Amino acid sequence: MKGARCALTKTDDSVIDKTVSRLLCGIAALSLVVSPVAASAQAAAASNGNALDIPANVTILGKSDPNVRKPTAVVNGQIITGTDVDQRAALVVAASKGKIEDEEMQRLRTQVLRNLIDETLQIQEAKAQDIAVTPAEVDQTYARLAAQNFGQNVDAMDEYLAKIGSSPASLKRQILGELSWQRLLRRNVAPFVNVSAEEVNEMMARLEASRGTEEYRLGEIWLAATPETREQVLANLGKIIEQLKQGGSFVGYARQFSQSSTAAAGGDLGFVRLEMLPSELAVAARQMQPGQLVGPIENSGGFSILYLIDKKAVLTADPRDAVLSLKQISLKFPEGLSEAEAKAKLASFTSAVSAMRGCGDAESGAAAIGAEVAANDGIVLRSLPEQLQPLLADLQVGQTTPPFGSAQDGVSVLMLCGRDDPQTSGAPSFDDLMAQLEDDRVNKRAQRYLRDLRNDAVIEYN
């Protein structure tokens, strides 16, 4: 159940590519504000265009001075400073839009320190095993992240990290940890994991038998609890739920707090069938709707918070898997408009859009009213905001959605320029299922490996 979705596989694909995907899936560091279409595409595939719009109320974690070293822990002789903790915690604060109370901030710093200790142990073990990760490889991955979020502009990402109280060095160290651990597992763990053909065939048969039933894409934050720690764990989860309901990033909190192996993937369990879940979680998930948050739920020696990301029918073509070609036509409103003026501006915009003769006329029609056009040819319908999905599902090519937006942000419409509907939804291939089972087993062994490193470590706290 708790196998990570951005996990290591035994194939020999580029380590850089795998780590970029894993960081994009799991790092809640950049918490970017993007256009409506780009935000949805980034959530689905992290591969479509987006635009930076830094909010004015970003909270900075004090004055971070990298020249001031404040020892917090020493791990096998290597110092982790208070500045290291501050800069890594700043990534989570940014993902939560600065809405973290002082008490919650202390818990966050404690968890960040634990993560940094684990990261240090992973890097040290890789070096001890003569597994090298060069600065050039780290810089290449960092540049790929900048390209995904800042349009090839590394300097813009550097400035953003400094603005939120973090630093490029902090994010690069996280990249180094991811690369080191991944290569270590590939050499010392993955070759010794075996999955039989019979196991894969059995899983394929179970999938076919469940065709048409619903499967759920869930996010989970799980904390272990004993009778002695039960009340404290419940209090911690209550605080996390409160922060999430106020707009905090589920991915960010899962990555920093969850004790499940899916923490690195932002808590994402992927699509699962209810019979694969513990009964307590299955009962809760069955009642949930996409976007709903539920918890704490007691199960498996601890408590879970569940977030339903999506659900669909198993091995059945889903209209929401259609790939759309869209044009977003947007108009900014001048500052200081009265409500009446804004309504008049909206009516004029709506009338002008209605007069456009399909996608070929969008650019010239938009230019005539001072609007902008952004095109995207690879948007999966289910990745768009839930309110827009039924509107776009019913559109014909050349038609537009009703306007959406606000007087402050401007208004937009989406014009449908093409649609590739899903024809069939076949079962995953033998190789796909084999890789999934291998990933799950590698992740479980990786947890044991890390526990052994912790047990053997000499750690001093200050």
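The table for this structure:
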quantity	calculated
Candidate set: segment 124-137, residues that are surrounded by fewer than 21 Cβ atoms within 10 Å (Cβ to Cβ) and hydrophobic (A, V, I, L, M, F, W, C); chosen: the one nearest to the chain's Cα centre (by Cα)	136
Strands (runs of 3 or more DSSP E) fully within segment 261-373 counting 3 or more residues that are open to solvent by 50 Å² or more (accessible area, probe 1.4 Å) and closer than 29 Å to residue 392 by Cβ	302-313
Matching residues in segment 112-122 - criterion: being crowded, with 21+ Cβ neighbours inside 10 Å and out of contact with any strand residue (DSSP E or B) (no Cβ under 8 Å at 6 or more places or on another chain)	112, 119, 122
Near pairs, Cβ below 6 angstrom, 6+ apart or cross-chain, from segment 161-174 (more than 10 Å from residue 90 (Cα to Cα)) to any residue that is part of a helix (DSSP H, G or I) and open to solvent by 20 Å² or more (accessible area, probe 1.4 Å)	168/158
Segment 359-375 residues that are closer than 8 Å to residue 329 by Cβ, paired with ones that are open to solvent by 60 Å² or more (accessible area, probe 1.4 Å) and not hydrophobic (A, V, I, L, M, F, W, C) (beta carbon under 7 Å, 6 or more apart)	366/372; 373/363
Hits in segment 400-420 - residues which are of a type outside the set (Ser, Thr, Tyr), touching a Leu at 6+ places or on another chain (Cβ under 6 Å) and closer than 28 Å to residue 312 by Cβ	414, 416, 419
Residue in segment 156-174 that is farther than 30 Å from residue 382 by Cβ and either part of a strand (DSSP E or B) or touching a Ser or Thr at 6+ places or on another chain (Cβ under 6 Å) (or both) present	yes
Filter pass, residue 383 being closer than 21 Å to residue 291 by Cβ and free of Cβ contacts under 8 Å to residues at least 12 places away in the same chain	no
Residue selected from segment 400-410 under the condition polar (S, T, N, Q) and surrounded by fewer than 16 Cβ atoms within 10 Å (Cβ to Cβ), by the criterion modelled with the highest pLDDT	406
Filtered residues of segment 374-395 (kept if at pLDDT 85 or above and part of a loop (DSSP other than H, G, I, E, B))	none
Within segment 223-239, tally of residues that are open to solvent by 70 Å² or more (accessible area, probe 1.4 Å) and either of a type in the set (Asp, Glu) or not in a helix (DSSP H, G or I) (or both)	3
Filter result (assigned to a helix (DSSP H, G or I) and surrounded by fewer than 16 Cβ atoms within 10 Å (Cβ to Cβ)) within segment 240-260	242, 245
Single residue of 373, 397, 411 found to be on the phi < 0 side of the Ramachandran plot, touching a Pro at 6+ places or on another chain (Cβ under 6 Å) and not charged (D, E, K, R)	411
Selected residue (only one of 178, 199, 220, 214 is open to solvent by 40 Å² or more (accessible area, probe 1.4 Å), touching a residue at least 12 places away in the same chain (Cβ under 8 Å) and either touching a Leu at 6+ places or on another chain (Cβ under 7 Å) or of a type in the set (Gly, Ala, Ser) (or both))	199
Pair list, Cβ < 8 Å and 6+ apart or interchain, from segment 128-150 residues that are within 13 Å of residue 173 (Cβ to Cβ) and assigned to a helix (DSSP H, G or I) to residues that are open to solvent by 10 Å² or more (accessible area, probe 1.4 Å) and modelled with pLDDT of 85 or more	138/172; 138/176; 139/172; 142/154; 142/168; 142/172
Number of the condition not met by residue 433 [criteria: (1) open to solvent by 30 Å² or more (accessible area, probe 1.4 Å); (2) of a type in the set (A, V, I, L, M, F, W, C); (3) not in a loop (DSSP other than H, G, I, E, B)]	(1)
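The values are calculated or read from the model by the stated rules, or taken from the named source; none is laboratory data. The shown structure was predicted, so the numbers you read here are calculated from the model rather than taken from an experiment. As a convention, Cβ positions derive from the backbone with ideal geometry for all residues, glycine included, and neighbour counts pool all protein chains shown. Keep in mind that these areas ignore ligands, DNA and RNA; they rest on the heavy atoms of the full protein, side chains included. Shrake-Rupley method; radii C 1.70, N 1.55, O 1.52, S 1.80 Å.
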